[in-house]
Structures are given as structure tokens and as C-alpha cells.
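Notes follow the structure.
The values are calculated or read from the model by the stated rules, or taken from the named source; none is laboratory data. On a predicted model such as this, the values are computed, not experimentally measured, just so you know. We place every Cβ from the backbone using ideal geometry, glycine too, and count neighbours over all the protein chains shown. Ligands, DNA and RNA are excluded from the accessible area calculation, which covers all protein heavy atoms including side chains. Shrake-Rupley method; radii C 1.70, N 1.55, O 1.52, S 1.80 Å.
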Amino acid sequence: MTKSKIYTRTGDLGVTSLVGGQKVKKTDIRIEAYGSVDELNANLGVLIAIPNLQSEYVDLLRFVQNKLFNIGAYLATPNVDNAITHCNGLTYDDIERIENSIDVMDAQLPPLTSFVLPGGTHRSAVAHVCRTMCRRCERRIVALSNTTYVDPNVLKFVNRLSDFLFVFARFNNVANQFDEIFWDKNC
């Protein structure tokens, strides 16, 4: 078996192939949706690479990365006649796992009295970047869902993930005794 080339030159004219071979423009909403998921996944890798992350959160974030690959594959597959109703490898239990992690961290945080500015520790700042990318994924997936059926668990998972990343950012600041940065509306 010979090794395949990384470059194919098929994208040189601004088109790419979906799962199954259908050619679409690289600006197609489906490409935007799964491309945003890919960007988020790459940045979660950056978050995981920051030293001294507790193993339970490394495990959870790796779990999330795998689920995002499932979502990406699902979004990269044309849904002719809305025939694909389920994202393989994604269940409501996956969403509950994210929710449970949010609940555990949030129980250790002070109540919010103002909007939090992104920043603080390096890990918190990167978590906020991931959160904003996750929100973009959600917008792109919603736009796709306006044109074709999208498994509701995909949107639930991505929405819950952005909540997780917000709480994770706060949790890392508080756990590292770094004062949260609050919005000064009089600034």
C-alpha cells in the first residue's frame, strides 16, 4: 500500500468534497458548520496542552474532542431528503456528562453579580476563546439547520459545551486564586 499524498489539488478552485463525494464551494454553509467545529476542536487541543490540567478535565476535554469529530463527520455528510436523523456517536448521556461537570464546578464558584470579562489565568483566557468559537459553531449549525434537518442533540451538545467552557474559565481563575475580572460599565 502506498502512502497517499496530503495535497490533492482538488481544492485549488475553491471547491471541496463532502462525505460521499459531492462537490461544494468552500463557502457552503455545511463547510462553514463543520469547519467551525474543527477550529474549536483544534483550540481545545491548545487548552489541553496548557501544563498542569487535572486529569479529570483532560479526560473530559478529550471526550469532547472525540464527540466533536462525530459531529463534524455528521455535518460533513449531505442529508438528502432529511434522511439522516441521528448523529452517530452522540447521545443525550453525552450532554448530561457535560451538564454534570458544569454542576460540580459551579457549586464551587461564587454567584455572579456582574458580567465577567474574558481573561485571568492563561487557561481561563484560552477557555474563553474556545467558548466564543463554540458559540460561532452553534450559529453556523443553526444556519445549516435552516436548510436541512440537524439532530437536536448536536445543537444541545454544542450549546452545553459553551456553558461548560464559561464555567471552566471561571473555575480555573477561582481555583488558582486569581480574581475574576468584572465588566466596569462606568469605564
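Sorted largest first by accessible area at a 1.4 angstrom probe radius, with every protein chain in place, the residues LYS3, LYS156, LYS67, LYS25 fall in the order LYS3, LYS25, LYS156, LYS67. Here the peptides 112-121, 158-167 are ranked by packing, the mean other Cβ count within 10 Å, and the order with the highest first is 158-167, 112-121. For region 1-141, the solvent-accessible area of protein heavy atoms averages 59 Å² per residue (probe radius 1.4 Å; ligands and nucleic acids excluded).
Using a probe radius of 1.4 angstrom, the carbon and sulfur fraction of the accessible surface of region 48-133 is 54%.
What is the angle, in °, between the Cα long axis of helix 29-49 and the longest principal axis of the Cα atoms in the chain? Nearest 10 is fine, range 0 to 90. That works out to roughly 40 degrees.
Suppose the chain between ASP179 and ASN66 were pulled fully straight at 0.36 nm per residue; how much longer would it get relative to their current alpha carbon spacing? Could the numbers behind the result be given before it?
Details: separation 113, 0.36 × 113 = 40.68 nm, distance 3.25 nm.
Taking ASP179 through ASN66 to full extension adds about 37.4 nm, to one decimal.
Counting charges near THR147 (Lys, Arg +1; Asp, Glu -1) among other residues having Cβ under 11 Å from its Cβ returns a value of 0. Using the Karplus relation 6.51 cos²θ - 1.76 cosθ + 1.60 with θ = phi - 60°, the per-residue 3J(HN,Hα) values for region 100-112 come to 4, 5, 4, 4, 5, 5, 5, 5, 9, 9, x, x, 7 Hz, with x marking Gly and Pro. Of the residues HIS122, HIS128, HIS86, the one with the largest accessible area comes first in the ranking HIS122, HIS86, HIS128, computed with a 1.4 Å probe on protein heavy atoms. Of the residues PHE63, ASN100, ALA127, the one whose Cα sits farthest toward the positive end of the charge dipole of region 58-187, with +1 on the Cβ of Lys and Arg and -1 on the Cβ of Asp and Glu, is ALA127.
How many nm separate the modelled label positions at VAL58 and ALA83, each set 7 Å beyond the Cα in the direction of the Cβ? That separation, rounded to one decimal, is 4.3 nm.
Based on every Cα atom in region 35-158, Rg and the maximum pairwise Cα distance Dmax equal 15.6, 48 Å. Helices in the chain, meaning DSSP H runs of at least 4 residues, each add -39500 (n - 2.57). Divided by all residues, the mean residue ellipticity at 222 nm is -19500 deg cm²/dmol.
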